[in-house]
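This report refers to the structure that appears directly beneath it.
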Amino acid sequence: ILNVEQSPQSLHVQEGDSTNFTCSFPSSNFYALHWYRWETAKSPEALFVMTLNGDEKKKGRISATLNTKEGYSYLYIKGSQPEDSATYLCALNTDKLIFGTGTRLQVFP
Amino acid sequence: DVKVTQSSRYLVKRTGEKVFLECVQDMDHENMFWYRQDPGLGLRLIYFSYDVKMKEKGDIPEGYSVSREKKERFSLILESASTNQTSMYLCASSLGTAGEQFFGPGTRLTVL
């Protein structure tokens with residue numbers, strides 16, 4: 001089974017800090033890499049779907065990059081806010097999604 | 001907007017009971033999925049379905065079965081619930097193989 005790893009497991013930052021976390025995977029043989037945001041008591045919701053090496057996506061203060069050759073994706077949050085507190089999941093799409101264990105982000109005011 | 005609904009947010013059952021978890025999506029998606037989420041383990045795929053009456057085992061199908069009689073509905077069945085099936089269960093649907101998956105709100109099942 002393909003192993004998708006995320007680090008760190010959890011992160012505590014102060015409001016206004018910028019932060020980033022990593023998703024790493026061993027294979028370049030996949031359709032896409034997905035990032036999801038999962039807030040407590042809500043459904044996971046898609047942030048980005050990335051397909052190409054060098055892909056960069058941005059949505060407001062959140063952006064992501066993909067490096068398929070070296071097998072990683074970074075998610076960046078600029079100027080973290082308390083409402084960014086959530087678990088961020090990445091998933092490799094190989095014909096089904098293989099999820100990492102997530103990075104739990106807590107932003108303190 | 002895609003909407004995926006699950007029949008219950010919280011469920012408490014006893015060991016040995018038969019449990020049905022229902023999932024309905026309203027966007028005519030072909031693909032539907034059942035996952036469980038446990039602390040430190042991430043989302044793990046139990047079963048999925050590419051079409052009506054079709055089902056495929058995921059990574060952890062033991063102790064579960066599924067039913068897809070209509071395109072919009074995908075049911076997860078625990079034939080005889082056990083305490084190690086206490087978990088958060090998430091249903092998802094997608095249009096294509098590589099497409100974004102849309103998730104339901106989850107059912108937190110406790111088996112006593």
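Observations, loosely collected:
- Positive-end extreme of charge dipole, the protein assembly as shown - chosen from A:Thr51, B:Gly63, B:Tyr89 (charges on Cβ): B:Gly63
- In plain terms, if you count all Cα to Cα distances in the range B:55-111 and split them into 10 Å steps from zero, the share in each step is 19, 52, 26, 3 percent.
- Each 10 Å bin from zero holds the following percent of Cα-Cα pairs in the range B:25-74: 27, 49, 22, 2.
- Average projection area in nm² (convex hull over Cα atoms of the range A:24-109, one quarter of hull surface): 5.7
- Cα pair distances exceeding 20 angstrom across chain B, given as percent: 33
- When chain B is treated as a GNM with alpha-carbon contacts under 10 Å, the residue of B:Leu76, B:Leu95, B:Leu45 showing the greatest mean-square fluctuation is B:Leu95.
- Each Cα pair under 8 Å and six or more residues apart adds its sequence gap; the mean of these over the residue count of chain A is a relative contact order of 38 percent.
- Measure of compaction for the protein assembly as shown (Cα Rg per 2.2 N^0.38 Å): 1.02
- Relative contact order %, chain B, counting alpha carbon pairs below 8 Å whose residues are six or more apart: 36
- Lys/Arg +1, Asp/Glu -1 at C-beta; chain A dipole; positive extreme among A:Leu89, A:Asn3, A:Tyr31: A:Tyr31
Readers should treat all values here as calculations from the given coordinates under stated rules, not as data from a laboratory. Keep in mind the model is a prediction, meaning the values are calculated, not measured. Glycine also receives a Cβ, built like all others from the backbone with ideal geometry; neighbour counts cover every protein chain displayed.
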